[in-house]
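First up is the structure itself, then whatever we jot down about it.
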Amino acid sequence: MDKVILGIIGYGNMGSDHAKRITNGDIPRMKLGAICDIDKAKLEKAKAVLGEDVAYFENYKDMLASGKINAVLVATPHYLHPEMVIDSFKADMNVICEKPAGVYTKQVNEMNEAAKKYGKVFSMMYNQRTNPLYVKARELIQQGELGDLRRMVWIITNWFRTQAYYDSGTWRSTWSGEGGGALINQNPHQLDLWQWLCGMPKTIRSTCYYGKWHDIEVEDDVTVFAEYENGMTATYITSTGEAPGTNRLEITGTKGKIVIEGDSMKFWQNRVDDVTYCKTAKGGFGTPELWEIQVPVKKPAYLQHNGILKNFTDAVLDGAELIAPGEEGVLGLNISNAIHMSSWTGETVTLPVDPDKFYALLQEKIANSKVVKKEAKAVESVDMSSTF
Ligand SMILES: NC(=O)c1ccc[n+]([C@@H]2O[C@H](COP(=O)([O-])OP(=O)(O)OC[C@H]3O[C@@H](n4cnc5c(N)ncnc54)[C@H](O)[C@@H]3O)[C@@H](O)[C@H]2O)c1
C-alpha cells in the first residue's frame, strides 16, 4: 500500500471539513476515496464540491464492501461511533474516530476489544493533543519539572452557544440523540487532555445543571471535584452559557506551576521543592525562591486535524507511533461518564465507572425524556473554529 484511501462516514460539519483537507492536498499520502451520508441532500452537496473522482454511498456498509477504500474516518453523531468503527475493523479497514469515542463506556469497551482482535491502525481525532502548548506542558510534567503533581484547576467556560445552535440539529442536546450536552459535545478534547497531562483521577464528585441557560434537557453548566490516589486534586468547570468565557488551565506540583491561558503558557519553578522548603525553613512566612522561566514552544511536526490525519497516514504506511491511539478514547469518556453519574446519583463515583450501571442510568434518562423531537432549524453558520 502506498496511499491511504479514505472513506468518510458523515458529511456534516466535521466530515466535510476533513474531506476538504484531503482534496486540498494537505495530507500528501492520503486520498479521498468515498463519502457516505444517510442524508441525500448532504451527498448532493458533497458531489457538487468533490466531483466524480469520489464514490458516494448512502449506506456505510456498502461503502465498506465497495473495494474503493482502505481506511475509514467516522464523523457521525457520537452514539454511532463504536458500531461504525467495529464494522470498519471487520471490513479490514484502518480507522480514525471523531471525538468522543462513544457515549458510554460499555459500547467503547466493546470497540476496544474489537480493536485488539482485528489489530488495525486505530486513531482518535484528538487534534488538541498536537497543540504545541499542551505538548510542551506534558513534556515538562513527564520530565519531572513540576515535581509531584498537587492540583489541576481548569476553567473552560468559553464554549458559549446560542439557542439557535442547539436547535440546529435534531440529534443535538438530547439524551437519545447525543447522550449529554457540554460534557459529551464541547469538552471531550479537554477531558482527554486532563488525563493525558495529569493521569486518571480515582474519584469524582460533581454538580451538573441541566438546561440552566438554554432550553435543553442536557447539561450546560458543570463543576467537578476529583481526587487522585496520591492526594492530588482537580477542579474542572465548564459552561456553554457564559460570556465572556475563560479557558485557563493551571497545574501545580511540588516544584512548580504551569498556567496555560489563551495562546500562552507561563511556567514558574521553585528553586527548592516546597515540601523540602516547608520542612527546613527557619522562618514562618517565607516561600521558596521562584524563577519564572521562558519555555520555548515549538510547532510540532504534526499539527491539529491535519496533523492527526498525517500521523494516521504515517502509522498505516510506515508504522509510525500514533499520537492518539483509539483505545485511549475510553479514558476521557470515563471521566465524562463519572461526572454525569455523580450528578445523577449525588454520590462520589470511583473510576473506572461501572459500565452497566452508567448504561442503565442513561437509559432511564432517555426513557424519561420530555423532549419532543425537534425539526432542525437552519443556523447561520456552525463555527467549528473554537473546537480546534
Ligand atoms: N475534532 C473536532 O474538532 C470536532 C469538532 C466538531 C465535531 N466533532 C465530532 O464530529 C462528529 C460529527 O459532528 P458534526 O458537527 O459534523 O455533526 P453533523 O450533524 O454536522 O454531521 C453528522 C453527519 O452524519 C450523518 N449521519 C448520521 N447518521 C448517519 C449514518 N447512519 N450513516 C451515514 N451518515 C450518517 C448526518 O446526516 C450528518 O451529515 C461528532 O461526534 C462531533 O463530536 C469533532
| request: Choose one answer from PHE285, PHE267, PHE225: the residue with the largest mean-square fluctuation in a GNM of the chain with alpha-carbon springs under 10 Å. | output: PHE285
| field | Backbone HN-Hα couplings from phi across region 280-295 [Karplus 6.51/-1.76/1.60, Hz, Gly and Pro as x] | value | 10, 5, 7, x, x, 10, x, 9, x, 4, 10, 10, 8, 10, 7, 9
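Just the Kirkwood number for the chain, please: inverse of mean 1/r across all distinct Cα pairs, in Å, one decimal.
Details: mean 1/r = 0.0453 Å⁻¹.
In the chain this quantity evaluates to 22.1 Å.
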| Most positive-pole-ward Cα, VAL316, TYR11, GLN143, against dipole of the chain from beta carbon charges | GLN143
| message | Contact order normalised by length for the chain, with contacts defined as Cα pairs under 8 Å and 6 or more residues apart; what percent is it? | response | 20
| field | the chain: calculated mean residue ellipticity at 222 nm from DSSP helix runs of at least 4, using -39500 (n - 2.57) | value | -10000 deg cm²/dmol
| remark: Once phi for every residue in region 164-174 is put through the Karplus expression 6.51 cos²θ - 1.76 cosθ + 1.60 (θ = phi - 60°), the whole-Hz ³J(HN,Hα) values, with Gly and Pro written as x, are 4, 4, 5, 8, 7, x, 5, 7, 6, 6, 10
| Angle, helix 188-198 long axis vs. longest principal axis of the chain, Cα atoms, 0 to 90°, nearest 10? | 40
| note | The ³J(HN,Hα) series, computed from each phi in region 244-259 with the Karplus coefficients 6.51, -1.76 and 1.60 at θ = phi - 60°, rounded to the nearest Hz and given as x for glycine or proline, is x, x, 10, 10, 9, 10, 10, 10, 10, x, 5, 9, x, 8, 10, 10
| message | To check my understanding: the extent here is largest minus smallest coordinate of the Cα atoms along each principal axis. What are those three numbers for region 1-138, in Å, largest first? | response | 42, 33, 31
| query | Quick one: helix 13-23 against the long Cα principal axis of the chain, what's the angle to the nearest 10°, folded into 0 to 90? | reply | 80
| task | Would you mind checking which residues have amide H under 5 Å from TYR56's amide H? H placed 1.01 Å from N; only 5 or more apart, or other chain. | result | ILE35
| remark: Neighbour-count ranking for HIS78, HIS214 (other C-beta within 10 angstrom, fewest to most) reads HIS214, HIS78
| Mean separation of Cα contacts under 8 Å (6+ apart) over length of region 262-306, as relative contact order % | 46
| said: Defining a contact as two alpha carbons under 8 Å apart and six or more residues distant in sequence, what relative contact order in percent does region 1-158 show? | reply: 18
| message | What does the C-alpha gyration tensor say about the overall shape of region 104-187? Classify as rounded when a/c is under 1.5, otherwise prolate if a/b is larger than b/c, or oblate. | response | oblate
| query | Among all stretches of the chain without exposed GluC sites (Glu not before Pro) (DSSP loop, at most 15 other Cβ atoms within 10 Å), which one is longest? | reply | 59-228
| note | With Cα coordinates, the longest principal axis of the chain makes an angle with the long axis of helix 40-50, in degrees rounded to 10, of 80
| request: Only Lys, Arg, Asp and Glu count, each charged at its Cβ (+1, +1, -1, -1), so figure out the dipole size of the chain about its Cα centre, rounded to 20 debye. | output: 440
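For region 169-281, what value does the Rg/Rh ratio take when both radii are computed over Cα atoms and Rh is the Kirkwood radius, given to two decimals?
Details: Rg = 17.5 Å, Rh = 16.3 Å.
Result: Rg/Rh = 1.07.
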| field | Kirkwood Rh, angstrom, region 215-310 [1 / mean 1/r, Cα pairs] | value | 17.3
| query | Looking at the chain, which longest stretch skips every one of the trypsin sites (Lys or Arg not before Pro) that is in a DSSP loop with at most 11 other Cβ atoms within 10 Å, leaving the sites themselves out? | reply | 1-270
| message | Straight-line reach from LYS212: which lysines fall under 21 Å, measuring Cα to Cα and dropping same-chain residues less than 8 apart? | response | LYS365, LYS370, LYS373, LYS374
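Quick note: the coordinates plus some simple rules give every number you see, no bench work behind them. No experiment lies behind these values; they were computed from the predicted model shown. Positions of Cβ are backbone-derived with ideal geometry, glycine not excepted, and every protein chain shown enters the neighbour counts.
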